[in-house]
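Let me begin by presenting the structure, written as structure tokens, before commenting on it.
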Amino acid sequence: LGDSTGPTALAWSPDHKLLAAGTYDGTLALYDARSLRQIATAGVAESGAIRTLSFAPDGRDLISAGSAGAINFWSVPDLSREASPVFIGIGANHGGVFAWYQPSGRIVGLASDQRRPGTDLQRWFTFDAATADLVRTACGLAGGDLTRAQWARYVGDQPYRRVCS
């Protein structure tokens, strides 16, 4: 895989023609499965290690998840970002997030339990990849709206608003 720094996650496309690789330093790349020639790279896709990669059942989308506590959505084969990251876990100190597509197209995963700070307890989550369900799931995992400080950290420059109410 060339000069990739410590692959930590691999995934084969449903047709077995593509191989996605994520690394310890958060780099994401897509390779031709037969030749291992790099087709596309998202560069540094995560601020920590990529722990899991999973192709959608139709092979047109890819999710990555890792130590930064977020699920990222990528278009295949160009690896362009499809949406802002969906933050679920509480970060690298607690293992982050692990997520996979199910054959049905739903996403299932494991994340640190934010309701028990200071522990390494994990819990399963599942949701549809549709935007409305992503918001419902994120609000349920977070236990309500983001604080203004969380909004500034995760959302950025957009004006603060309540999305879970």
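If we only count strands (runs of 3 or more DSSP E) wholly inside segment 16-56, which ones have 1 or more residues that are over 23 Å from residue 97 (Cα atoms), among the hydroxyl-bearing types (Ser, Thr, Tyr) and without any contact (Cβ under 8 Å) to a residue 40 or more places away in the chain?
Those strands (runs of 3 or more DSSP E) span 27-32.
For segment 126-150, what are the residues that are at pLDDT 65 or above, assigned to a loop (DSSP other than H, G, I, E, B) and of a type in the set (Gly, Ala, Ser)?
Result: 129, 143, 144.
Which one is surrounded by the most Cβ atoms within 10 Å (Cβ to Cβ), of the residues in segment 59-98 that are in contact with a Gly (Cβ under 8 Å, 6 or more places away or on another chain) and modelled with pLDDT of 90 or more?
If we take residues in segment 59-98 being in contact with a Gly (Cβ under 8 Å, 6 or more places away or on another chain) and modelled with pLDDT of 90 or more, then 65 is surrounded by the most Cβ atoms within 10 Å (Cβ to Cβ).
Hey, among 123, 153, which residue is among the basic types (Lys, Arg), within 29 Å of residue 56 (Cα to Cα), exposed (fewer than 15 other Cβ atoms within 10 Å of the Cβ) and modelled with pLDDT of 75 or more?
Testing whether each residue is among the basic types (Lys, Arg), within 29 Å of residue 56 (Cα to Cα), exposed (fewer than 15 other Cβ atoms within 10 Å of the Cβ) and modelled with pLDDT of 75 or more leaves just 153.
The values are calculated or read from the model by the stated rules, or taken from the named source; none is laboratory data. Because the structure is a prediction, the values reported are computed rather than measured. All Cβ positions, glycine included, derive from the backbone under ideal geometry; neighbour counts span all protein chains shown.
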